[in-house]
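A.B. asks: Before I ask anything, let me first share the structure, which is written out below as structure tokens.
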Amino acid sequence: MYNLYDFDKTIYNGDSSIDFFLYSLKRNWSIIKYIPKDIIAIIKYKTKKISKKEMKEIFFSFLNEIHDIDTHIENFWHKHRRKIKKWYLLQEHSRDIIITASPDFLIEPIGEYLSVKDVIATKVDKNTGKFTSNNCYGEEKVKRLYEKYSKIKVNEAYSDSLSDMPMLKLATNQYLVKKNKIIKLTSK
């Protein structure tokens, strides 16, 4: 039996992609030129003129400015792993699978640090910000999980959002995480 976890705001206190952008901006001020494009992309997404994937690709285009991306990511996690929630750190993780819409290049290193079984995330080219898979969100999380583990049995699933209900429904025990409060959902 395995346990499934969303990442941002579930076991990580915040949004790792935003934190990574801000961390990158502090170290490379040329990234500031991407902010107007990001604001326009958010407006276009909110008014349904572009997809969430298109908006996120525009957001992650700042990766073009980062040299030695692997060292940059390693340094980011050295500073930000403190944002992994304490309740999660107190558990054993060898049967945990993190499933997230965040980019794989960003989440896989922290998954390795935590010694989780696997990380399933949106596949994003770490040099360009271009997506090489669908956004791992909602139903896509379940699809991607079953592509890797066709006969998986899930004991517990955790998320901060009901948009993860398709993933949560796979588990015998379903939990909603609000900050550091864990609420058991009742099955109907």
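A.B. asks: Would you pick out the residues in segment 110-133 that are out of contact with any helix residue (DSSP H, G or I) (no Cβ under 7 Å at 6 or more places or on another chain), of a type outside the set (A, V, I, L, M, F, W, C), part of a loop (DSSP other than H, G, I, E, B) and under 23 Å from Tyr146 (Cβ atoms)?
C.D. replies: Lys117, Thr132, Ser133
A.B. asks: Counting only residues that are over 18 Å from His80 (Cα atoms) and of a type in the set (Phe, Trp, Tyr), which one in segment 1-58 is nearest to the chain's Cα centre (by Cα)?
C.D. replies: Tyr5
A.B. asks: Pairs under 6 Å by beta carbon, first residue small (Gly, Ala, Ser) in segment 158-173, partner at pLDDT below 95, six or more apart or different chains?
C.D. replies: If the second residue must be at pLDDT below 95, the pairs left are Ser163/Gly138.
A.B. asks: Now for a different question. Residue check: is Phe59 touching a residue at least 60 places away in the same chain (Cβ under 8 Å) and not in a strand (DSSP E or B)?
C.D. replies: Against the criterion (touching a residue at least 60 places away in the same chain (Cβ under 8 Å) and not in a strand (DSSP E or B)), Phe59 qualifies.
A.B. asks: Only one of Ile97, Ile107 is assigned to a helix (DSSP H, G or I), within 22 Å of Leu162 (Cα to Cα) and touching a residue at least 24 places away in the same chain (Cβ under 8 Å); which?
C.D. replies: One residue alone meets the criteria, Ile107.
The rows are residues; the columns are (1) touching a residue at least 24 places away in the same chain (Cβ under 8 Å); (2) over 16 Å from Phe131 (Cα atoms); (3) outside the structural domain of Glu108 (by TED's automatic domain parsing).
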position	(1), (2), (3)
Lys26	no, yes, yes
Ser30	yes, yes, yes
Tyr34	yes, yes, yes
Lys37	yes, yes, yes
Thr47	no, yes, yes
Met55	no, no, yes
His67	no, yes, yes
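A.B. asks: Only one of these is surrounded by fewer than 18 Cβ atoms within 10 Å (Cβ to Cβ), touching a helix residue (DSSP H, G or I) at 6+ places or on another chain (Cβ under 8 Å), over 27 Å from Val119 (Cα atoms) and basic (Lys, Arg): Lys44, Lys48. Name it.
C.D. replies: After applying the criteria, what remains is Lys44.
A.B. asks: Quick check on segment 88-109: of everything there that is within 11 Å of the chain's Cα centre (by Cα) and within 17 Å of Thr71 (Cα to Cα), which residue is surrounded by the most Cβ atoms within 10 Å (Cβ to Cβ)?
C.D. replies: So, considering only residues that are within 11 Å of the chain's Cα centre (by Cα) and within 17 Å of Thr71 (Cα to Cα), the one surrounded by the most Cβ atoms within 10 Å (Cβ to Cβ) is Ile107.
A.B. asks: Something else: Can you tell me which of Val116, Val124 is surrounded by 14 or more Cβ atoms within 10 Å (Cβ to Cβ) and more than 18 Å from Ser17 (Cα to Cα)?
C.D. replies: Val116
A.B. asks: Can I ask one more? What number goes with the only condition from (1) surrounded by fewer than 14 Cβ atoms within 10 Å (Cβ to Cβ); (2) on the phi < 0 side of the Ramachandran plot that Tyr34 does not pass?
C.D. replies: Condition not satisfied by Tyr34: (1).
The values are calculated or read from the model by the stated rules, or taken from the named source; none is laboratory data. This one's a predicted model, so the numbers in the text were calculated from it and none came from an experiment. Cβ: placed from backbone, ideal geometry, glycine included. Neighbour counts: every protein chain shown.
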